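Read the structure below first, then the notes.
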Amino acid sequence: MIQIIDHGAVRELRLDRPPANALSPELIAALRAAVEGAPSAGARALVLSGAPGRFSGGLDVPHLIQLDRPAIAATWRDFYGLLRALAASPIPVVAAITGHSPAGGAVLSIFCDARVMAEGEFRIGLNEVQVGIPMPPVIYHALRRLVGRGQAERLCVTAQLVLGDEARRIGLVDELVAPEGVVARAVEQCNALLALPPRALSITRHLARADLVALFTENEAELAGLVDQWFSPETQGALRALVERLGKKKG
């Protein structure tokens, strides 16, 4: 589910779960392990990428909706573990957003150091409310840290998916490049960071990202609330309607 491609000291973790790189429990666990294990494997920076035209379609709702409460609780806990691994990574992580990036796909990028997105008619955003999931507090606060209070409120409450130009304007992504050059540009950004004095870089990254990591200090009540909400009638109804729509598209 993940291709590992080394570009010298920069390791690319390419999501490879067709057709949409949807985040199943297995992919979440594999990506967390890959992020946490990269430094000890000799990587000095990471690029998180996806397939051309599709970075990640977010959580694999058709699969997750079949799971019971303990399995959903474990999935949310592991997803938070993955986000913390990105936030606390001792090496820089740049998201190469290779295409559409709704919901969980956008969330992964928010916790990286920087975001390079493909030009074109690709959309990114946090549309959780649209599918009946209240915005998880950790994710909201990370987004607000990135784009500011006003834009975070607008994006989360309205569940908008925005085009790349708008995403760059509001700071949701840092740079737009041609689709075929997204990964190469992310690698360039990593190498530019690695050209800096390493100790100074490490200490300063730790300082700059401490508030992001601190969001994960106490999450037990938050995670319990997410699980309760997942099984609420409103959320279950919205998720099942989403699954039905997806099934009709495939048909």
Answer with yes or no whether L223 is among the aliphatic types (A, V, I, L, M) and either at positive phi or in contact with a helix residue (DSSP H, G or I) (Cβ under 6 Å, 6 or more places away or on another chain) (or both).
yes
Given the criteria under 20 Å from T75 (Cβ atoms), β-branched (V, I, T) and out of contact with any Ser or Thr (no Cβ under 8 Å at 6 or more places or on another chain), does V213 qualify?
no
Taking the options I72, I91, name whichever one is in contact with a strand residue (DSSP E or B) (Cβ under 6 Å, 6 or more places away or on another chain) and of a type in the set (V, I, T).
I91
Determine the pairs where a residue that is charged (D, E, K, R), located within segment 141-166, has a partner that is at pLDDT below 95 with Cβ atoms under 9 Å apart, the partner being 6 or more residues away or on another chain.
R154/Q160; E166/Q160
Residues in segment 139-159: is at least one surrounded by fewer than 18 Cβ atoms within 10 Å (Cβ to Cβ), under 21 Å from A20 (Cα atoms) and polar (S, T, N, Q)?
no
Among A51, A30, the single one that is of a type in the set (A, V, I, L, M, F, W, C) and either over 27 Å from E121 (Cβ atoms) or in contact with a Phe, Trp or Tyr (Cβ under 6 Å, 6 or more places away or on another chain) (or both) is A30
Does A87 satisfy being on the phi < 0 side of the Ramachandran plot, hydrophobic (A, V, I, L, M, F, W, C) and surrounded by fewer than 21 Cβ atoms within 10 Å (Cβ to Cβ)?
no
If we keep just the residues of segment 113-171 that are charged (D, E, K, R) and assigned to a loop (DSSP other than H, G, I, E, B), which is farthest from H100 (Cα to Cα)?
D113
Extreme residue, surrounded by the fewest Cβ atoms within 10 Å (Cβ to Cβ), among residues of segment 90-108 that are hydrophobic (A, V, I, L, M, F, W, C) and in a loop (DSSP other than H, G, I, E, B)
I91
If you scan segment 2-31, which residues turn out to be assigned to a loop (DSSP other than H, G, I, E, B) and either touching a His at 6+ places or on another chain (Cβ under 9 Å) or surrounded by fewer than 17 Cβ atoms within 10 Å (Cβ to Cβ) (or both)?
G8, A9, D16, P18, P19, A20, A22, S24
Out of the residues in segment 32-63 that are out of contact with any helix residue (DSSP H, G or I) (no Cβ under 6 Å at 6 or more places or on another chain) and of a type in the set (A, V, I, L, M, F, W, C), state the one that is surrounded by the most Cβ atoms within 10 Å (Cβ to Cβ).
L48
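Quick grid of which residues meet (1) at pLDDT 95 or above; (2) assigned to a loop (DSSP other than H, G, I, E, B); (3) not hydroxyl-bearing (S, T, Y):
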| residue | (1), (2), (3) |
| --- | --- |
| S40 | yes, no, no |
| A43 | yes, yes, yes |
| L46 | yes, no, yes |
| G57 | no, yes, yes |
| L67 | yes, yes, yes |
| A73 | yes, no, yes |
| R77 | yes, no, yes |
| L82 | yes, no, yes |
Given V107, V94, which one is in contact (Cβ under 8 Å) with a residue 60 or more places away in the chain, out of contact with any Ser or Thr (no Cβ under 8 Å at 6 or more places or on another chain) and of a type in the set (V, I, T)?
V94
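The values are calculated or read from the model by the stated rules, or taken from the named source; none is laboratory data. Keep in mind it's a predicted model, so treat the numbers as computed, not measured. Counting neighbours? That spans all protein chains shown, and the Cβs are built from the backbone with ideal geometry, glycine included.
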